[in-house]
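Following: one structure in C-alpha coordinates, then a few remarks.
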(Lines give C-alpha, C1' and ligand atoms only; values in the text may rest on other atoms or scores of the structure.)
Protein backbone atom coordinates (compact mmCIF):
# COMPACT_ATOMS: atom_id res chain seq x y z
CA UNK A 1 0.00 0.00 0.00
CA UNK A 2 1.21 3.51 -0.74
CA UNK A 3 2.60 5.33 2.29
CA UNK A 4 1.59 8.97 2.40
CA UNK A 5 3.36 11.33 4.77
CA UNK A 6 2.48 14.62 6.37
CA UNK A 7 -1.09 14.36 7.55
CA UNK A 8 -3.46 12.24 9.60
CA UNK A 9 -6.99 11.25 8.60
CA UNK A 10 -9.14 9.00 10.79
CA UNK A 11 -12.65 7.58 10.39
CA UNK A 12 -14.61 5.67 13.02
CA UNK A 13 -17.97 3.91 12.94
CA UNK A 14 -19.34 3.61 16.47
CA UNK A 15 -22.82 3.22 17.96
CA UNK A 16 -24.58 3.89 14.65
CA UNK A 17 -22.58 7.03 13.84
CA UNK A 18 -19.74 7.66 11.40
CA UNK A 19 -17.19 10.40 11.99
CA UNK A 20 -14.18 11.30 9.88
CA UNK A 21 -11.59 13.88 10.78
CA UNK A 22 -8.22 15.21 9.75
CA UNK A 23 -5.63 17.61 10.99
CA UNK A 24 -5.04 20.83 9.09
CA UNK A 25 -1.29 20.77 8.53
CA UNK A 26 0.24 20.90 5.06
CA UNK A 27 3.98 20.50 4.76
CA UNK A 28 6.52 21.02 2.04
CA UNK A 29 9.47 18.84 2.91
CA UNK A 30 10.16 19.46 6.58
CA UNK A 31 8.50 22.90 6.66
CA UNK A 32 4.92 23.71 7.65
CA UNK A 33 3.35 25.45 4.64
CA UNK A 34 -0.16 25.91 6.05
CA UNK A 35 -1.81 24.98 9.32
CA UNK A 36 -5.54 24.94 8.49
CA UNK A 37 -6.06 22.88 5.32
CA UNK A 38 -9.47 21.21 5.02
CA UNK A 39 -8.85 17.57 4.07
CA UNK A 40 -12.42 16.40 4.60
CA UNK A 41 -15.03 16.69 1.83
CA UNK A 42 -18.70 15.79 1.60
CA UNK A 43 -19.88 14.18 -1.63
CA UNK A 44 -23.28 13.19 -2.98
CA UNK A 45 -25.11 15.94 -1.08
CA UNK A 46 -23.52 14.90 2.22
CA UNK A 47 -24.33 11.18 1.96
CA UNK A 48 -20.64 10.30 1.59
CA UNK A 49 -17.78 11.88 3.48
CA UNK A 50 -14.18 11.56 2.41
CA UNK A 51 -10.76 12.41 3.71
CA UNK A 52 -7.46 12.50 1.87
CA UNK A 53 -3.76 12.28 2.52
CA UNK A 54 -1.12 13.16 -0.02
CA UNK A 55 -0.96 15.73 -2.76
CA UNK A 56 -3.93 18.10 -2.55
CA UNK A 57 -4.25 18.59 -6.31
CA UNK A 58 -4.07 14.83 -6.85
CA UNK A 59 -6.67 14.22 -4.14
CA UNK A 60 -9.08 16.75 -5.66
CA UNK A 61 -8.74 15.03 -9.03
CA UNK A 62 -9.51 11.68 -7.41
CA UNK A 63 -12.41 13.09 -5.40
CA UNK A 64 -13.98 14.51 -8.58
CA UNK A 65 -13.62 11.13 -10.28
CA UNK A 66 -15.01 9.36 -7.22
CA UNK A 67 -18.04 11.64 -7.13
CA UNK A 68 -18.61 10.95 -10.85
CA UNK A 69 -18.49 7.21 -10.12
CA UNK A 70 -20.89 7.65 -7.20
CA UNK A 71 -23.34 9.35 -9.56
CA UNK A 72 -22.93 6.67 -12.24
CA UNK A 73 -23.49 3.87 -9.71
CA UNK A 74 -26.37 5.68 -7.95
CA UNK A 75 -24.61 6.13 -4.64
CA UNK A 76 -23.28 2.56 -4.39
CA UNK A 77 -20.07 3.54 -2.62
CA UNK A 78 -18.31 0.17 -2.78
CA UNK A 79 -18.95 -0.22 -6.51
CA UNK A 80 -17.86 3.38 -7.17
CA UNK A 81 -14.69 2.81 -5.11
CA UNK A 82 -13.81 -0.38 -6.98
CA UNK A 83 -14.33 1.30 -10.35
CA UNK A 84 -12.22 4.29 -9.27
CA UNK A 85 -9.46 1.96 -8.03
CA UNK A 86 -9.45 0.15 -11.39
CA UNK A 87 -9.16 3.44 -13.28
CA UNK A 88 -6.57 4.76 -10.83
CA UNK A 89 -4.37 1.71 -11.34
CA UNK A 90 -4.68 1.41 -15.12
CA UNK A 91 -5.10 4.96 -16.46
CA UNK A 92 -1.77 6.46 -17.56
CA UNK A 93 -2.59 9.85 -16.01
CA UNK A 94 -4.33 8.69 -12.83
CA UNK A 95 -1.71 6.12 -11.83
CA UNK A 96 0.78 8.95 -11.28
CA UNK A 97 -1.44 10.59 -8.66
CA UNK A 98 -0.06 10.41 -5.14
CA UNK A 99 -2.87 10.37 -2.63
CA UNK A 100 -4.97 8.04 -0.51
CA UNK A 101 -8.64 8.37 0.35
CA UNK A 102 -10.98 7.28 3.10
CA UNK A 103 -14.66 7.18 2.15
CA UNK A 104 -17.59 6.58 4.46
CA UNK A 105 -21.35 6.52 4.29
CA UNK A 106 -23.93 5.43 6.85
CA UNK A 107 -23.11 1.73 6.32
CA UNK A 108 -19.59 1.38 4.89
CA UNK A 109 -16.05 2.54 5.53
CA UNK A 110 -13.35 2.15 2.86
CA UNK A 111 -9.70 2.99 2.27
CA UNK A 112 -8.69 3.56 -1.38
CA UNK A 113 -5.16 3.68 -2.77
CA UNK A 114 -3.46 4.01 -6.14
CA UNK A 115 -2.22 0.44 -6.00
CA UNK A 116 -5.78 -0.75 -6.58
CA UNK A 117 -6.62 -1.33 -2.94
CA UNK A 118 -10.18 -0.94 -1.71
CA UNK A 119 -10.02 -2.03 1.91
CA UNK A 120 -12.86 -2.44 4.40
CA UNK A 121 -10.87 -2.03 7.62
CA UNK A 122 -11.28 -4.19 10.69
CA UNK A 123 -12.97 -2.76 13.76
CA UNK A 124 -14.67 -0.07 11.64
CA UNK A 125 -11.67 2.23 12.04
CA UNK A 126 -9.72 3.60 9.08
CA UNK A 127 -6.59 5.73 9.23
CA UNK A 128 -4.19 7.12 6.61
CA UNK A 129 -1.23 9.47 6.62
CA UNK A 130 1.90 9.86 8.69
CA UNK A 131 0.07 9.80 12.02
CA UNK A 132 -2.28 7.00 10.99
CA UNK A 133 -0.97 4.30 13.32
CA UNK A 134 -1.01 6.63 16.34
CA UNK A 135 -4.59 7.73 15.63
CA UNK A 136 -5.74 4.20 14.83
CA UNK A 137 -4.21 2.79 18.03
CA UNK A 138 -5.84 5.49 20.13
CA UNK A 139 -9.20 4.95 18.40
CA UNK A 140 -9.04 1.18 18.97
CA UNK A 141 -8.38 1.70 22.67
CA UNK A 142 -11.07 4.35 23.06
CA UNK A 143 -13.65 2.34 21.15
CA UNK A 144 -12.92 -0.73 23.26
CA UNK A 145 -12.64 0.88 26.69
CA UNK A 146 -14.69 4.05 26.45
CA UNK A 147 -17.84 2.86 24.70
CA UNK A 148 -19.79 5.82 26.12
CA UNK A 149 -17.93 8.16 23.73
CA UNK A 150 -19.45 9.09 20.38
CA UNK A 151 -17.71 8.39 17.08
CA UNK A 152 -16.96 12.11 16.82
CA UNK A 153 -15.40 12.20 20.30
CA UNK A 154 -13.25 9.15 19.52
CA UNK A 155 -12.00 10.74 16.28
CA UNK A 156 -11.27 14.05 18.01
CA UNK A 157 -9.35 12.56 20.94
CA UNK A 158 -7.46 10.10 18.72
CA UNK A 159 -6.36 12.85 16.33
CA UNK A 160 -5.18 14.97 19.27
CA UNK A 161 -3.12 12.01 20.52
CA UNK A 162 -1.62 11.58 17.03
CA UNK A 163 -0.84 15.32 16.89
CA UNK A 164 1.02 15.05 20.19
CA UNK A 165 3.29 12.36 18.69
CA UNK A 166 3.54 12.93 14.92
CA UNK A 167 5.45 16.05 13.82
CA UNK A 168 3.48 16.15 10.55
CA UNK A 169 0.10 16.35 12.34
CA UNK A 170 -1.33 19.38 14.12
CA UNK A 171 -4.26 20.10 16.44
CA UNK A 172 -6.32 22.12 13.89
CA UNK A 173 -8.99 19.50 13.27
CA UNK A 174 -11.92 19.28 10.88
CA UNK A 175 -14.43 16.56 11.74
CA UNK A 176 -17.60 15.63 9.85
CA UNK A 177 -20.18 13.03 10.77
CA UNK A 178 -23.07 10.99 9.38
CA UNK A 179 -25.56 9.19 11.54
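The values are calculated or read from the model by the stated rules, or taken from the named source; none is laboratory data. Quick caveat, the model's predicted, so the values are computed rather than measured. For neighbour counting, all protein chains shown are included, and Cβ atoms are generated from backbone atoms with ideal geometry for every residue, glycine included.
Here residue 168 does not qualify as surrounded by fewer than 23 Cβ atoms within 10 Å (Cβ to Cβ), at pLDDT 95 or above and either on the phi < 0 side of the Ramachandran plot or not in a strand (DSSP E or B) (or both). Report, by residue number, each residue of the stretch 1-34 that is modelled with pLDDT under 90, assigned to a loop (DSSP other than H, G, I, E, B) and either surrounded by fewer than 16 Cβ atoms within 10 Å (Cβ to Cβ) or over 16 Å from the mean Cα position of the chain (by Cα) (or both). Of everything in the stretch 1-34, those that are modelled with pLDDT under 90, assigned to a loop (DSSP other than H, G, I, E, B) and either surrounded by fewer than 16 Cβ atoms within 10 Å (Cβ to Cβ) or over 16 Å from the mean Cα position of the chain (by Cα) (or both) turn out to be 1, 2, 3, 5, 29, 30.
For the stretch 118-132, which positions are out of contact with any helix residue (DSSP H, G or I) (no Cβ under 7 Å at 6 or more places or on another chain) and either in a loop (DSSP other than H, G, I, E, B) or surrounded by fewer than 19 Cβ atoms within 10 Å (Cβ to Cβ) (or both)?
Hits for the stretch 118-132 are 119, 120, 121, 122, 124, 130.
Number of residues in the stretch 39-67 that are exposed (fewer than 14 other Cβ atoms within 10 Å of the Cβ), modelled with pLDDT of 90 or more and within 24 Å of residue 96 (Cβ to Cβ): the value is 1. May I ask you to verify whether residue 92 is out of contact with any helix residue (DSSP H, G or I) (no Cβ under 7 Å at 6 or more places or on another chain), over 16 Å from residue 129 (Cα atoms) and in a loop (DSSP other than H, G, I, E, B)? So residue 92 fits the description; yes.
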